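K.L.:
Sharing a structure here in structure tokens format.
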Amino acid sequence: MRPLSKTTITTITSLLTTGHSYASIKAQTGASAGAITKICQDYCPEVAVSSGGRPKKLTTANILYTKCAIRTVGNIHADVIIILGSLDNIYNSMS
């Protein structure tokens with residue numbers, strides 16, 4: 001990998017501090033994601049780095065609503081009780 005010029009590093013730090021994504025910085029400067037990460041670590045340690053991953057599929061409100069709806073059903077079957085236990089596990093792992 002060839003070293004980046006001072007102007008490219010300055011441009012990348014400027015874009016990082018203004019909140020641009022790695023993809024947009026890469027498109028504008030031609031620097032690799034690894035180079036951008038290294039520059040971020042060296043020159044912009046105060047910039048928040050995305051933790052990645054996906055958002056939770058169910059919100060706390062969705063889980064509580066479902067649990068309430070299941071409890072209000074008059075005749076609860078064994079499958080429903082198992083589902084309710086699973087939702088309890090999901091809810092407890094979120095908090």
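A short reminder: the numbers here are calculations on the coordinates, not readings from a lab. Here the structure is a predicted model, which is why all the values come from computation and not from measurement. Neighbour counts run over all protein chains shown; Cβ positions are idealised from the backbone, glycine included.
K.L.:
So what does the Cα-only Debye profile of the range 1-55 read at q = 0.12, 0.17, 0.22 Å⁻¹, as log10 I(q)/I(0), no solvent term?
P.N.:
Rounded to two decimals, the profile gives -0.25, -0.49, -0.80.
K.L.:
Roughly how tilted is helix 33-43, in degrees to the nearest 10 and between 0 and 90, from the longest Cα axis of the chain?
P.N.:
80 degrees
K.L.:
Something else about it: Note the full-extension length gain between MET94 and LYS6 as 0.36 nm times their separation in residues minus their Cα-Cα distance, in nm to one decimal.
P.N.:
Length gained, MET94 through LYS6: 27.2 nm.
K.L.:
Pulled fully out, how much extra length does the chain show between ILE70 and ALA48, if you take 0.36 nm times their separation in residues and subtract their Cα-Cα distance?
P.N.:
3.8 nm
K.L.:
Per 10 Å bin, what is the whole-percent P(r) computed from every C-alpha pair distance within the chain?
P.N.:
13, 31, 12, 13, 16, 11, 3, 0
K.L.:
Percent relative contact order of the chain, based on C-alpha pairs within less than 8 angstrom and at least six residues apart?
P.N.:
20 percent
K.L.:
Based on other C-beta atoms within 10 Å, arrange LYS56, LYS6, LYS26 from fewest to most.
P.N.:
So the ranking, lowest neighbour count to highest, is LYS6, LYS56, LYS26.
K.L.:
Just to confirm my numbers, what's the Cα centroid distance between the range 1-54 and the range 80-95 in Å?
P.N.:
41 Å
K.L.:
Take THR59 and LYS38, extend 7 Å from each Cα along the Cα→Cβ direction, and tell me the distance between the two endpoints in nm.
P.N.:
Roughly 4.3 nm, to one decimal.
K.L.:
For CYS68, CYS44, what ranking results if the residue with the fewest other Cβ atoms within 10 Å of its Cβ goes first?
P.N.:
CYS68, CYS44
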